[in-house]
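Everything below concerns the one structure shown next.
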């Protein structure tokens, strides 16, 4: 396992920020780490990276215990914290050179140019960090997390401040990196998690309330709608053996199902048998990670918090 967390607890006074949580993340996995504000996400990430001690429990990275050998684990981790710490008076290449020296990176000039290209910093690489937009500052932080070629990436809100085009670029980069590295990241944007992750961990009040493949979680909440428009006007009874049917107009029918492929095959068979002319057949998934998140964290999340795609979690 690249990341192993066992019975991890972090206490601040009388408050348990993290309450006896356990999970593992394997190499090649991209796992979304979600929860309301104050749920314990950033605290957990800081413990895994060795920047914060746990009260009880253990965390290991690539088999190395974080507490016993934090310096060794930090060599294996690329960490982009939520508050991206940068030296604004340094030039981009100057800062990355500074980071390569900390990590004792070999062939550092080549590595600097490689990572600048990888995160899309080429056009701004000759500027001081303080002159960059928030989005490009975020890219500098991501470059610093990648420059020593770590086995594990811990990314806390990696697309904060990026415009839609930049978000798509960083998404693709994270997906590419996830093929060869372990990636644990949190995000404000639930659609982003759906686009990148196969698995999600949801934490609420310091406890893990869900840890599953996204497809399994979604299967508990989602269904498919198929909209079929045909040339002919027919009766509902023609769709023998099909349930959950709504007639939208004379030629358009709406079907709800949990197996869209099977229903499509059934509709095509009926159309062929009854000589129906299909004008269009479209499917859409109804329900989302927002619904799952709202259900699992209902006690602490106001319904208006998740009304848009840019909610804070």
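Axis of helix 134-146 versus longest Cα principal axis of the chain: the two differ by about 70°, to the nearest ten degrees.
Computed from Cα atoms alone, the Kirkwood hydrodynamic radius reported for segment 86-157 is 12.1 Å. Most simply put, the chain has about 70% antiparallel DSSP beta bridges, counting only bridges with both residues inside it. Relative to the dominant Cα principal axis of the chain, helix 108-118 is inclined by about 20°.
Under a Gaussian network description of the chain, with springs only between Cα atoms under 10 Å, the residue in 157, 192, 284 that fluctuates furthest is 284. Specify whether the C-alpha gyration tensor of segment 223-286 places it in the rounded, prolate or oblate class, a ≥ b ≥ c being the square roots of the eigenvalues: rounded for a/c under 1.5, otherwise prolate if a/b is larger than b/c and oblate if not. Prolate, because a/c is 1.5 or more and a/b exceeds b/c.
The separation of segment 126-164 from segment 237-262, counted between C-alpha centres, amounts to 48 Å. Normalised by residue count, segment 146-190 yields a Cα convex hull volume of 79 Å³ per residue.
Rounded, prolate or oblate for segment 109-202? Axes are the square roots of the Cα gyration tensor eigenvalues, ordered a ≥ b ≥ c, and the cut-off for rounded is a/c under 1.5. Let's see the in-between values first.
On the way: a/c = 2.13, a/b = 1.38, b/c = 1.54.
Oblate shape, in that a/c is at least 1.5 and b/c is the bigger or equal ratio.
To the nearest 10 degrees, how steeply does helix 164-178 sit against the main Cα axis of the chain, on a 0 to 90 scale? Approximately 80 degrees, to the nearest ten.
Report the residue, chosen from 261, 89, 97, that carries the largest GNM mean-square fluctuation when the chain is represented by alpha-carbon nodes joined by springs under 10 Å. Judging by the Gaussian network model, the answer is 261.
Label segment 1-65 by shape, choosing from rounded, prolate and oblate, from the square roots a ≥ b ≥ c of the eigenvalues of the Cα gyration tensor; if a/c is under 1.5 it is rounded, and otherwise prolate applies when a/b is larger than b/c, oblate when it is not. Taking the square roots of the gyration eigenvalues as a ≥ b ≥ c, segment 1-65 is oblate.
Over the chain, the reciprocal of the mean inverse Cα-Cα separation, the Kirkwood hydrodynamic radius, stands at 22.0 Å. Under a 10 Å cutoff between Cα atoms, tell me which one of 265, 171, 199 has the largest fluctuation in the Gaussian network model of the chain. Per the Cα network of the chain with a 10 Å cutoff, 265 tops the list.
Cβ-Cβ distance of residue 284 and residue 113, R₀ of 35 Å, FRET efficiency by 1/(1 + (r/R0)^6): the value works out to about 0.20. Among 67-76, 270-279, sorting by the average number of other beta carbon atoms lying within 10 angstrom of each residue, highest first, gives 67-76, 270-279.
Each value in this text was obtained by applying a stated rule to the coordinates, not by laboratory testing. Just so we're clear, the structure is a prediction, and the values are computed from it rather than from any experiment. Here the Cβ is made from the backbone with ideal geometry for all residues, glycine too, and neighbour counts use every protein chain on show.
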